[in-house]
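K.L.:
Attaching a single structure in structure tokens format; questions to follow.
The values are calculated or read from the model by the stated rules, or taken from the named source; none is laboratory data. This structure is a prediction, so every number in the text was calculated from the model and none was measured. Cβ atoms come from the backbone with ideal geometry, glycine included; neighbour counts cover every protein chain shown.
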Amino acid sequence: MGRTANLNTAFLFPGQGAQKPAMLHELVDDPVVELTLDEISDVLRTDVRLLDSPEALNSTVSVQLALLASGVATARALQRRGVTCCAVAGLSVGAFAAAVVAEAITLKDAVVLVRSRAEKMERLYPVGYGLAAIVGLNERQVTAIVDSVHSAATPVFVGNINAPRQIVVAGSVAGMQKVLEEARRQGAGKAELLHVSVPSHCPLLSSVADALRLQLSSMELKAPKFPYIANVNGRAVRSASGVATDLADNIAHGVRWHDATIIAEELGCNLFLEMPPGHTLTDLVEENVPGVTSSVVTKDLFKHVLRLAAA
């Protein structure tokens, strides 16, 4: 973790796969955290804090709502302590937290959308589908493997480009297993199924994107207070319509996360703070934009993070 003068901060929000039991009970100590969790609970009409048990996290709905709660609550705690944003970026469902923190969408509307999104995803593909990660091959190599395996019986697609040689594929487990076998044969250092039970970021979820687009059309979005970096094209978005398009479309398209981190640096961000839980996005920052300062925001590291942001 490097040090840079005149730090400009990007807030990063993780997606599904980062969740862990008790994640909502391990957030930073700040009154705004509890207020945010209460606000979400009021919308859900149940205590969001119940969604981080091992049993609850077997549900895509619980996972995505818990990630939204964790991200928004932590970012608000940082903002209350005077940390200002240069840009926000959220991976997959993390995009909704990013949009809330940028004040492009209300937290209430984000809760409604995330719950609807997750419920539809879960109903469409209850078993036999998901995501897999391949490390060590580039996008061209993985695309060629995927194209050779994809069929009506074994649908599989290139999903997220997290780094030049960290690629996520989405689709049927049967199709992904064939892709992983060939990836290993071609020298991938890692090729394994992820703990995600839905095929996010591929055309199999186009109907969910259509439904989200319809829901968003009835909501009032605003231009983000600072750049919102989109999932679908990895570009900075500054309009309400641009945020709405990305929130709807990202579920059915791959995520250009590598591009997003590069764009954040080009915008002047040189301190990247990852909202809890997990550290995957911090690891990707260190790979994609070496030399910048990056940190996870945990209860133990909160004071350290505040010192970094004040530098």
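K.L.:
Kindly evaluate residue 83 against the criterion of being buried (at least 22 other Cβ atoms within 10 Å of the Cβ) and in contact with a strand residue (DSSP E or B) (Cβ under 9 Å, 6 or more places away or on another chain).
P.N.:
In short, no.
K.L.:
Another question about this same structure. Going residue by residue through region 42-56, is there one that turns out to be charged (D, E, K, R), under 20 Å from residue 243 (Cβ atoms) and in a helix (DSSP H, G or I)?
P.N.:
no
K.L.:
Considering only residues that are surrounded by fewer than 19 Cβ atoms within 10 Å (Cβ to Cβ) and without any contact (Cβ under 8 Å) to a residue 24 or more places away in the chain, which ones fall in region 221-241?
P.N.:
238, 239, 241
K.L.:
Which one of the conditions (1) touching a Pro at 6+ places or on another chain (Cβ under 9 Å); (2) within 16 Å of residue 15 (Cβ to Cβ) does residue 299 fail to meet, given that it meets all the rest?
P.N.:
(2)
K.L.:
Residues being in contact with a Lys or Arg (Cβ under 7 Å, 6 or more places away or on another chain), surrounded by 21 or more Cβ atoms within 10 Å (Cβ to Cβ) and assigned to a loop (DSSP other than H, G, I, E, B): count how many of those fall in region 9-26.
P.N.:
0
K.L.:
Has region 203-223 got any residue that is at pLDDT 95 or above, among the β-branched types (Val, Ile, Thr) and closer than 21 Å to residue 97 by Cα?
P.N.:
yes
K.L.:
Going through 156, 179, 208 one at a time, which residue ends up being out of contact with any strand residue (DSSP E or B) (no Cβ under 6 Å at 6 or more places or on another chain) and surrounded by 22 or more Cβ atoms within 10 Å (Cβ to Cβ)?
P.N.:
One residue alone meets the criteria, 208.
K.L.:
Name every residue in region 143-175 that is under 22 Å from the mean Cα position of the chain (by Cα) and charged (D, E, K, R), in order of residue number.
P.N.:
165
K.L.:
Can I ask one more? When you scan region 24-46, how many residues do you find that are in contact with a Ser or Thr (Cβ under 7 Å, 6 or more places away or on another chain) and under 12 Å from residue 108 (Cβ atoms)?
P.N.:
Matching residues across region 24-46 total 0.
K.L.:
Does region 59-82 include one or more residues that are closer than 16 Å to residue 117 by Cα, assigned by TED's automatic domain parsing to the domain that holds residue 278, at pLDDT below 95 and under 18 Å from the mean Cα position of the chain (by Cα)?
P.N.:
yes
Per-residue answers, yes or no, for (1) charged (D, E, K, R); (2) without any contact (Cβ under 8 Å) to a residue 60 or more places away in the chain:
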position	(1), (2)
127	no, no
133	no, no
139	yes, yes
144	no, yes
152	no, yes
155	no, yes
159	no, no
164	no, no
